[in-house]
Each structure stands twice: as structure tokens, then as C-alpha cells.
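K.L.:
Have a look at this one.
All of the numbers you see were taken from the coordinates with simple rules; none came from a lab. Values in this document were obtained by computation on a predicted structure and should not be read as measured data. With ideal geometry, Cβ positions are generated from the backbone for all residues, glycine too; neighbour counts draw on all protein chains shown.
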Amino acid sequence: MEKKQFQSESKRLLDLMINSIYTHKEIFLREIISNASDAIDKLCFIALTDDKLGMTRSDFKIHIAADKDNRTLTITDNGIGMDLDDLENNLGTIASSGSYKFKQDMAEKPEDIDIIGQFGVGFYSAFMVAKKITVNTKKYGSETAYLWESSGVDGYTVTESDKADIGTEIILEMKDNTDDENYDEFLEQYRIQGLIKKYSDYIRYPIIMEMTKSRVKEETKDSEKPEYEDYTEEETLNSMVPIWQRRKQDVTQEEYDRFYSEKFMTMDKPLKTIATSVEGVVTYKALLFIPSSTPYNYYTKEYKKGLQLYSSGVLITENCEELVPEYFRFVKGVVDTADLSLNISREMLQHDRHLLTIAQNIEKKIKNELTSMLNNDRENYEKFFAAFGRQLKYGVVSDYGMHKGDLQDLLMFYSSTEKKLTTLSEYVDRMKEEQKFIYFATGDSIASIDSLPQTELLKSKGYEILYCTEEADEFTLQTLMTYKEKSFCSATNDDLGIENEENKEEEKDNSAILTFVKETLGDKVSEVTASKKLVSHPVCLTAKGGISFEMEKYFNAVQPDSGMKAERVLELNMQHSAVKTMEELIQTDIEKAKKYAEVLYCQALLIAGLPLDNPSEYTDLVCSLI
Ligand code: ADP
């Protein structure tokens, strides 16, 4: 019989499993049972429409049998089964959803065994405890049954088998015990019972095992020395009722946490668990989780948003995208409703009225929970915002700002006066009476914004400035346009809305030097003005019109030929000694004065974080003045 080879990634994975020193080898049972349950889900779904199958929901079961003499553990399901193609495609390659990340991790740190626990590597994990695996399976609708056998990396064989019933039987032949490892433990009924309770309690089909128990012999019942005998009895090991169907007060947070990490394959605890039960126009139960950290693939195409959708305990879809809006795509969870027909198609699902109402309710619920966290549990909200604040900002900007009203109160920005994150509402409450705008400044870091000369005047007036350190920040504020009727104003704007009488008078006297600098710089700047905002710095650049420097930088980075350029206004601090010296030089040494103008312009560019047109010319200029 020809031995077939596993695909190369699967081989590495297998190798890892076989030689695993992972301490939680026990998870293999969870993986096998979860596959069995998925297979039953599929057939159960078919049974709804196919009368010929002659099965109803209560006929579906998972069976476990431990044979200590032969050292085998057999897990049997009457689910959909596999045909030849399925065996090749599903058991010959890595099919697990975490496989991409797994491959990456393997490349980076092949020694790190903990990834097994993190991603749940499915079927192959059985090789942590078994030296040989046999899969005897017959698929629904197929005439032939198959026997798949493998003892590990050297490949597998497939032959026909005489299995009569639809479903799959997986026989694990346990590894030999070693000094360090006792594989017999996985054949002990109490150990198996414990594992099912721990990992597979919410599997919706009965997991049945023949249990050996002890009882008093009938005939010795009344005697003084009762004798005991062993007998066997089938027992359902799991409680089956899904956690979301249980009353909130009957479930501990630990149980929710465990469910969350098993269901969504994460080591994290949820930051917030939301369990709701709604009865009315629509009736549903939802169990939602806000993760405590950003999933590794969150901002990639691989991350799938959506909630699991069940109809009366039967899984309809793994990722029902319609149930959560894009800007709350970090929410994970389960929705179970009896209001949906079970054999609803994907297309019909999208337009289903009940589903739309549930989605609206869920959106409201998430928003309320976040608002309440913001108001009552600031520390956790800040954790949430660190993980998903960017998503909320994208939400404001997306769809032409359609959702800004819903999201604006959930936003936070770093405040120059509070030295921590603040909300827009808190900012507006603190605004000074005469303050016209909500000010913000953009830069790479808090420190770099802090030292921007443009913020000096605002700071000296005691005005609070919001620091935009993330790419999305400025776009977010521009999309909002106003908050509680206050407009946003960038610190680099030429008009900060601050009247300053002293400076106004000075402007008149400065026309000579301003004209001189403008003529020297030519088209590089559109205007040269006497600054109203500078205090200790000699110069700064401000942007006029709709395009800010940050937008210029952003667009030139993503689209280098966009030609996007902010209109530059050079502001001079007329009180600064460098500017005063330049003014004197206009009378005594006009060439040197021109060099001053060039150098000051270049400095303004540098402070604004914009590239110099010609860096070596600039250094030459500076040297010629030293
Ligand atoms: P995953 O479950 O993450 O897809 P696995 O490696 O655990 O990855 O399983 C691979 C595939 O093999 C499953 O997706 C399924 O198609 C198939 N499979 C495994 N066990 C069974 C089973 N008991 N019945 C039917 N199909 C199964």
C-alpha cells in the first residue's frame, strides 16, 4: 500500500506534536471532540431538510471509549463524516484557522511550544499523546467508507473500510509510557470525565462514555458486611446547555473567561463580558466580549469580524458580519435566536428583518457598555482605548463621517494641561470663557508636539491643546469639524482666533522686514507675517487653507506623486534677537541678511517636520555664517 506524504508545513507541525514537551497535552481531547461536534453540526443541519436521513437532533451523539488493555481511546461521532477528498484535504494539511500565524511563529521561534495552547492546532494535537491514529469514516451521501492511518511524520495510508454508519471514529493508540510521561492517565475514566467538564462542557451534543461504577451486591444489601461489585453504565459527561443560555447570575466570571478563551482561541481574559437576554419584537440571547488586547491580526484581512449566530442551539454561521458594525468589529461573541429559520441562505440573512433589529440592539448595547465603562471604570476604558481607540477613530472617518455622532463621545486624546487622555466633553467643560476653538497639534510623539513653537502662545494663554500622535487623529478631528458647536483649530493654523492688540500695532511697523523676507524666499512661502503666537522661538511655519502639514506628509508618504502641498506662511517672532539682528543687517549687509532669512526658513521647516529642499545648501549656509 502506498504511503502518502503530509504537506511540508503539516510535517513540521506533526514533528512538533510528536516531540512535544508541552505541559497541556490534555488539550488533544478538546480538539478531537470539537471536530466531532462541528461534524455533527453539519449533518444536523442537513437533517433538517433531508427527511430520508431519518435523524432528529436528539439522535446525535459523541461516544468515548477507553480500552486499557489495548491502550486505545476511541472517539466516535455520527456527524457528516469524510470522503477521500476530505481526508486528503483536511487531514493531510494544516486546516486550522490559526495556521498562518502559526507558520510565522514557527519561523521566528521554533522552540516556543506555547503556541500550541494559544492557537489550538486541531487534529494533529492528538499526536502529542498517540503513537498511531486511525480514522474510520463514512461521509453522508457516500457509498464508500475509508480507513486513514498514520503513525506520524512518515505519512499516512488510506484504504477502504466496511464501516456501515455515517460518521467518524477516531482511534488513538497511546504512546508508550516513559519515566516522565504517563500516557495511561488519558485512559482513566475520571481523568477523561474531568477533561470533558473542563474543556467541552458546552458541546451541544451528549458526550457519552461507558463508566465503570461500583455498587453493593443486591444479595448482600442487608447483610452486615455488604459486598461490592462493578457494573457499567453509560453516562453523559457534559452539561450541554450552552453558557449563553444560562442565567447570568448562575455563571461565574471564571466560566465566562474560560468559554471566551476556548471559543476564540486566546490566552487573554476579556476586558468586558456582556450577557444579555432580550424578549420582545425579537427574542435572543447574546454573549459578547470586548477583548483586553488587540488581536495579532486585527488590522489585517485575516481578521474576521462577526459574531457566531445560532438558531436554537444550532450553529448557523461562524461569522455573521451583519451583527456588528465595522467600528465595533473587535467585539467577539455569540448570538442565539429562535426567530431565524434554520435553513436561511447567506443572502437572505443579510436582509433579514429580525437580524437587522438584533444588530441594532447589539450596537446600542455595546455603545452603552463602553460609555458606562468610560464613566465608571476609567482605568479599564483606557486599556480598551489603547487597544481599539484607533478603530473608533477609523469609524468616525469612515462612510463620510456618518457615524461620528455615535462615536465622538467615546474618543480620547492626550491633553497638554491634564497630561493624560481626555474626552472632548471634558475638554469643552474646561474651556476658558473667551476661548473660541478646541485646539489640537499634530506630531510624532507627545514630546515633539510639546516643543512645537506654534503651541507657545496657546500655552501662555493657558489653553488646553489636544495632541494628535496617531495618523488617524487629525483626520478624525477634521471629520468631526465641531464638537458641541466648538470648531477644531490646529495650532499650526495661521489664525488661532486670538486677538492680541500689542502685536497688531507692531505689525504695521514690520512691513519692511516682512517684505524683505518674502522677496528673499520667493515662492517658497506664500506669506511672511509677524507672529502672534511665538514666545521664545524665532520662527515657525503655519499652514493656510484646508491642507495641513500633517496631511501633506501623509499623502506624500502614501502617494508620492500626489503633489499635495500645504500653503506655507512663515511667522517671525519680532522680539527674538535673531530676527532683530536680521533687521539690522538689512541696512548694513544685505547679502548676510538674505542668508539669515534662508536659514530661519529652513529651521521653520525642520521644526514642522518637513523635509529641507536642499540639506547640503542649508549646512553650507549655516557654515558661512559661523
Ligand atoms: P480545524 O478543526 O481547525 O479546521 P483540524 O486539524 O482539527 O482543523 O481538522 C481539520 C479538518 O478535518 C476539519 O476542519 C474537518 O473538515 C475535518 N475533520 C476533523 N475531524 C472530523 C470529524 N470527526 N468528522 C468530520 N470531519 C472532521
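K.L.:
What's the angle, to the nearest 10 degrees (0 to 90), between helix 471-480's Cα axis and the longest principal axis of the chain?
P.N.:
80
K.L.:
Separate question: Lysines within cross-link reach of LYS131: Cα-Cα under 20 Å, excluding same-chain residues under 8 positions apart?
P.N.:
LYS3, LYS4, LYS11, LYS25, LYS68, LYS175
K.L.:
How big is segment 126-243 in terms of Cα radius of gyration and Dmax, in angstroms?
P.N.:
19.4, 61
K.L.:
Provide, in order from the shortest bin, the percent of all Cα-Cα pairs of segment 364-438 in each 5 Å bin, continuing until the bin that contains the maximum pair distance.
P.N.:
3, 14, 24, 25, 18, 11, 5, 0
K.L.:
So, one more: Output the 0 to 90 degree angle, nearest 10, between the alpha-carbon long axis of helix 378-401 and the longest principal axis computed from the alpha carbons of the chain.
P.N.:
In the chain, helix 378-401 runs at an angle near 70 degrees to the longest axis.
K.L.:
Further, regarding this structure: From the helices alone, meaning DSSP H stretches of at least four residues, give me the mean residue ellipticity at 222 nm for the chain, per-run term -39500 (n - 2.57), in deg cm²/dmol to the nearest 500.
P.N.:
Working: 21 runs with 235 residues, N = 626.
So the calculated ellipticity at 222 nm is -11500 deg cm²/dmol.
K.L.:
Would you mind calculating the gained length between ASP495 and ASP509 on full extension (0.36 nm times residue separation, minus the Cα-Cα distance), in nm to one decimal?
P.N.:
Extending this stretch completely gives an extra 3.0 nm.
K.L.:
Which of LEU340, LEU606 comes first, and how do the rest follow, when ranked by fewest Cβ neighbours within 10 Å? The partial results should precede the final answer.
P.N.:
Values: LEU340 22, LEU606 14.
By the 10 Å Cβ count, ascending, the order reads LEU606, LEU340.
K.L.:
Straight-line reach only, C-alpha to C-alpha below 18 angstrom: list the lysines that LYS595 could link to, leaving out same-chain residues fewer than 8 apart.
P.N.:
Once the sequence-local lysines are set aside, what remains near LYS595 is LYS518, LYS524, LYS580.
K.L.:
Using Cβ contacts closer than 10 Å as the measure, can you line up HIS351, HIS63 from fewest to most?
P.N.:
On the way: HIS351 9, HIS63 18.
Listing HIS351, HIS63 from fewest to most nearby Cβ atoms yields HIS351, HIS63.
K.L.:
Let me ask something else about it. Using the alpha-carbon centroid of each, what span in Å lies between segment 196-225 and segment 240-281?
P.N.:
Result: 29 Å between the Cα centres.
K.L.:
Stick to the Cα atoms of the chain, pair each with every other, and give me the Kirkwood hydrodynamic radius in Å at one decimal.
P.N.:
On the way: mean 1/r = 0.0334 Å⁻¹.
Here the Kirkwood hydrodynamic radius works out to 29.9 Å.
K.L.:
Angle check, please: helix 253-263 long axis (alpha carbons) against the longest principal axis of the chain (alpha carbons), in degrees 0 to 90, nearest 10.
P.N.:
Helix 253-263 and the main axis of the chain meet at about 90 degrees.
K.L.:
Calculate the length of the line joining the C-alpha centroid of segment 542-556 to that of segment 403-436, in whole Å.
P.N.:
Going from one Cα centre to the other spans 23 Å.
K.L.:
Most exposed first by the Cβ proxy, i.e. fewest other Cβ within 10 Å, how do VAL539, VAL569 rank?
P.N.:
Values: VAL539 25, VAL569 22.
Sorted ascending by nearby Cβ count, the order is VAL569, VAL539.
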